[in-house]
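The values are calculated or read from the model by the stated rules, or taken from the named source; none is laboratory data. Because the structure is predicted, anything quoted here is derived from the model rather than measured. Every residue, glycine among them, receives a Cβ derived from its backbone with ideal geometry; neighbour counts consider all protein chains shown.
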Amino acid sequence: MVLDAKNLTHQFLDIVFPRNCVITGDPVEHDSPYKFISKAVAAKLFRVEPPHCRTCGYPYFGAVMASDRACPKCKELNPQYGEGRTVILVEGVGRELVHQFKS
Ligand SMILES: [Zn+2]
C-alpha cells in the first residue's frame, strides 16, 4: 500500500470512525475483502463463478456443464438482452445486502 496523503487520511478516519458492516453493524476488519462488509458476512456471500447461464449468469449447480447453454428460465422467458452476469446470489446475506442498498 502506498502511503500518500489520501491513504493516511482514510487510515486515520478508519481509526477515529471505524467502518461498520452494513449487515451486522460490527466493525469491518482491515483485511476484509470489502470496505463495508465484515469478513464473516463476506464468507456467507455466494459469489457466482462459472459454469453459469450465458444469458443471465445464474450458476449451474451439480454436474459441471460442458457448454455455456442458456438456463431453463432464459429459454422460457427469452430475455431481450443477449448476455448478462450475476455477481452474487440474492439469497441469505446477499438478499439482506440488496435490501440495505435499497433502503
Ligand atoms: Zn439464464
Out of region 66-81, which residues are within 23 Å of the chain's Cα centre (by Cα), more than 8 Å from the ligand (Cβ to nearest atom) and at pLDDT below 90? Asp68
Search region 68-84 for residues that are without any contact (Cβ under 8 Å) to a residue 12 or more places away in the chain and pair each with any residue that is more than 8 Å from the ligand (Cβ to nearest atom) and assigned to a loop (DSSP other than H, G, I, E, B) when their beta-carbon atoms are under 9 Å apart and the residues are at least 6 apart or on different chains. Lys75/Arg69
Kindly establish whether Arg85 is surrounded by 13 or more Cβ atoms within 10 Å (Cβ to Cβ) and either of a type outside the set (Gly, Ala, Ser) or part of a loop (DSSP other than H, G, I, E, B) (or both). no
Kindly provide the set of residues from region 1-30 that are in contact with a helix residue (DSSP H, G or I) (Cβ under 7 Å, 6 or more places away or on another chain) and either under 29 Å from Ser103 (Cβ atoms) or at pLDDT 90 or above (or both), ordered by number. Cys21, Val22, Ile23, Thr24, Glu29
Being in a loop (DSSP other than H, G, I, E, B) and among the hydroxyl-bearing types (Ser, Thr, Tyr): is that true of Thr9 here? no
Name the residues in region 29-49 that are closer than 30 Å to Pro79 by Cβ and without any contact (Cβ under 8 Å) to a residue 12 or more places away in the chain, would you? Tyr34, Ala42, Glu49
Filtering region 88-101 down to residues that are assigned to a helix (DSSP H, G or I) and either in contact with a strand residue (DSSP E or B) (Cβ under 9 Å, 6 or more places away or on another chain) or at pLDDT 90 or above (or both) yields Val93, Gly94, Arg95, Glu96, Leu97, Val98, His99
Tell me, please, whether a residue that is closer than 19 Å to Phe101 by Cβ, near the ligand (Cβ under 10 Å from one of its atoms) and not in a strand (DSSP E or B) can be found in region 36-50. no
